[in-house]
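Accompanying notes for the structure given below.
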Amino acid sequence: MDTCNAYDLAEGKIKGFTRSSVRAKIFLCLKDGPIAVRHIEKLIGIRPSTILHAIKDMIDDDLIARTSDGYRLTNIGKIQAILLNDLINCIVALDQHKDFWQSHDMSSIPTELQKKIGMLTESEVLKDDPVSILRTHEHFKSELKAAKVIYGVSPIIVPGYAEAIASSVVQGAQVHLILTKKIFDIVIKENSDVLQHLLTFKGFKLFSIEEDITVAFTVTDSILSLGLFLNQGGYDVANDLICKGEQALIWGKELFDYYLCRSTPIYGI
C-alpha cells in the first residue's frame, strides 16, 4: 500500500489526535495508567463535564475503558497515546533548536533515531562566541574529565581530546571509542605510543569504522554532547548540542551501538 492510500485510511484517526486539545490531553494523562476524572481535571484545568464528554467519545471509539480506578486506555488507546506523546516531544525538540537542526547534515543519524529526536528535549546549544572562541571544546573536555563512563564516535580531531581521554582512562573510567579510518590512521601516526599504552587498560576499548560519517558525539554518565557537519560541508566546530536526562543518554547510547555494530575492534597497534 502506498503512503497516500494509507493516509486516506488513517485520516479520521489522525484528526482524532488534533481536532480536540481536551481529547489529546486526556490521552497524555492516561498513558501511564488509570486516573479518576477529578485528577484529570486537576492536571489539565478543564471542567469535569467537558472531560466526560470527550471521554464518552473516546469510549465509543474503543480508546478508553472505565475501571474501578477511574478511566484507562485500551490496548489500541495506549499505542496511540505513545505515538502522540512521541510526536509532541519530537516537535518540541525540533522547535527548541530549529536553526541547529535545519543547518546541519543529519544523514548519519539513522531514521529510527531521527524519529526519537523527542528524547533530546532537555538540551541546549552551546556556542562559541567572540570572547570565548573555544567555549564548546573547553566544556567538552571538562565533562570528559569528570566522567566515569564514556562512549564516543569521532570523524574529527578535537584539540585536547586525546589527552582528556587518556586522563580519564588512567583514572579508571570505562571508555569505548570509535574512530573513522581516516582519524584512526592520523592518531596512529601521531600518538601510537600513547594509544598502545591505553590499550593495556581493561576499561579502554577502541574500534575503527570504514564509513564516512557526519556526526561526532560523546555519551557519558551525565550528558550527551552531539556535534554535526554543516549542510554545505565541514564540521561545525562552534556549536554543540548538549543534552541531559535519562532519555538523552539512552538515545546517545543507541546511536553509539548503531555504529558499534559497523565497527572493527582494535586490540593492538
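The listed residues are 183, 250, 213, and the only one of them that is closer than 30 Å to residue 116 by Cβ, touching a residue at least 60 places away in the same chain (Cβ under 8 Å) and open to solvent by less than 30 Å² (accessible area, probe 1.4 Å) turns out to be 213. Of all residues in region 139-165, those that are open to solvent by 20 Å² or more (accessible area, probe 1.4 Å) and under 14 Å from residue 206 (Cβ atoms) total 3. Of the residues making up region 8-65, those that are open to solvent by 40 Å² or more (accessible area, probe 1.4 Å), farther than 14 Å from residue 81 by Cβ and outside any helix (DSSP H, G or I) are 19, 45, 47.
Would you mind stating whether residue 172 is at pLDDT 90 or above, on the phi > 0 side of the Ramachandran plot and either open to solvent by 40 Å² or more (accessible area, probe 1.4 Å) or in contact with a strand residue (DSSP E or B) (Cβ under 8 Å, 6 or more places away or on another chain) (or both)? Break it down stepwise before answering.
Values: at pLDDT 90 or above: yes; on the phi > 0 side of the Ramachandran plot: yes; either open to solvent by 40 Å² or more (accessible area, probe 1.4 Å) or in contact with a strand residue (DSSP E or B) (Cβ under 8 Å, 6 or more places away or on another chain) (or both): yes.
So residue 172 passes the test.
Here residue 236 meets the list (1) in contact (Cβ under 8 Å) with a residue 60 or more places away in the chain; (2) touching a Lys or Arg at 6+ places or on another chain (Cβ under 6 Å) almost entirely, failing just condition (2).
Screening residue 190 with (1) more than 25 Å from the chain's Cα centre (by Cα); (2) open to solvent by less than 10 Å² (accessible area, probe 1.4 Å) gives one miss only, at (2). Scanning region 221-232 for residues that are under 20 Å from residue 176 (Cα atoms) and open to solvent by 50 Å² or more (accessible area, probe 1.4 Å) gives 221, 222.
State yes or no: is residue 95 out of contact with any helix residue (DSSP H, G or I) (no Cβ under 8 Å at 6 or more places or on another chain) and open to solvent by 90 Å² or more (accessible area, probe 1.4 Å)? Quick ask: steps written out before the conclusion?
Working: out of contact with any helix residue (DSSP H, G or I) (no Cβ under 8 Å at 6 or more places or on another chain): yes; open to solvent by 90 Å² or more (accessible area, probe 1.4 Å): yes.
Answer is yes for this residue.
From the list 235, 259, the one residue that fits, being among the aromatic types (Phe, Trp, Tyr) and crowded, with 20+ Cβ neighbours inside 10 Å, is 259.
The values are calculated or read from the model by the stated rules, or taken from the named source; none is laboratory data. In this text the structure is predicted, and so the values were computed from the model without any measurement. Neighbour counts run over all protein chains shown; Cβ positions are idealised from the backbone, glycine included. Side chains included, ligands, DNA and RNA excluded: accessible areas come from the protein's heavy atoms. Shrake-Rupley method; radii C 1.70, N 1.55, O 1.52, S 1.80 Å.
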